[in-house]
Structure formats: C-alpha cells, structure tokens
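Below: the structure, in structure tokens.
The values are calculated or read from the model by the stated rules, or taken from the named source; none is laboratory data. Remember, predicted model here, so these are calculated numbers, not experimental data. Positions of Cβ are generated from backbone atoms using ideal geometry, with glycine treated the same way; all protein chains shown enter the neighbour counts. Please note that ligands, DNA and RNA were not included when accessible areas were found on the heavy atoms of the full protein model with its side chains. Shrake-Rupley method; radii C 1.70, N 1.55, O 1.52, S 1.80 Å.
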Amino acid sequence: MRTNKMLGTNMNLDELVASVPEVELRNGLFRWVNAWKKDDSSIEDLAFLIGKWHGNVWFNNTDESNGFNERFQAFKSMAIVGVGGLTLNERLYWFGLFEEWDSSNESVQARIRVKLHASA
C-alpha cells in the first residue's frame, strides 16, 4: 500500500529533494533549491527550475524518475497552485523556509513574503 509520503501529498520542498534516490542527482537538486531559497525569484520560478532540472537529468531507473515526477506534481499542486489557501506558516513549511525566517531581519522576511506571495 502506498503512503502519503510515497505519493508526495505531504512532502514539503526539502522532503521532495531528499526523495531523489541517487546521491549525485539529489545533491544537484539540493544546490538549485538552496540557491532559489536565497534569491528573489518566486515559487513559479521554483516550479520551472525543478521541471527544468528533471528534464535535464537522467535517473538510473525510469520508475524512480516517474516517481519523482509524481511527487513533484503533488507538491506543485498543493504548495504552488494552492498557495492562495495557505497561511504564512504553512507556506514557510511547504518551502522549507522556517529556519531562514526565524533567523532573519525584517528585510529578509519581506523578501520571503514576496517570494511566497504572502501579504504583510
């Protein structure tokens, strides 16, 4: 039986990255995602970035590639398409930004709000 974690319905961004079974691919995606967390680009840019990454890497196993795509689509549906229905705390969770939020000043928090489409 498949669990929600396997399907990705409850996976946040960090868990999605960690779900990539191949270390080299996972490390590459981790670098891309961490760069996104630090820049000014939006969640839509993140979706494009992950889609581009997935389209330009080769998994050793087609089923693993397809599984990642399923988890990514579930994450995208919940966290990106459904972002309007999420609180700021939920957005911080889904995008793995709690730590950065808690350790930042007002200007960084303002950048994160814009990134996550969260009004003040």
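Assorted remarks:
- Straight-distance crosslink candidates among aspartates and glutamates, where the alpha carbon sits under 12 Å from LYS115 and sequence neighbours closer than 8 are dropped: ASP39, ASP40, GLU44, ASP45
- HN-Hα J in Hz across the range 29-45 - Karplus 6.51, -1.76, 1.60, θ = phi - 60°, x for Gly and Pro: 5, 4, 5, 4, 5, 5, 5, 4, 4, 8, 9, 9, 6, 8, 5, 5, 5
- Multiplying the residue separation of ALA18 and SER104 by 0.36 nm and removing their Cα-Cα distance gives an extension gain of 28.5 nm.
- Neighbour cut-off at most 13 other Cβ (10 Å), DSSP loop, chymotrypsin sites (Phe, Trp or Tyr not before Pro), the range 88-120: none
- Accessible carbon and sulfur surface of the range 18-75 relative to its total accessible area, %, 1.4 Å: 51
- Tail fraction, Cα-Cα pairs, the chain, threshold 17 Å, whole percent: 55
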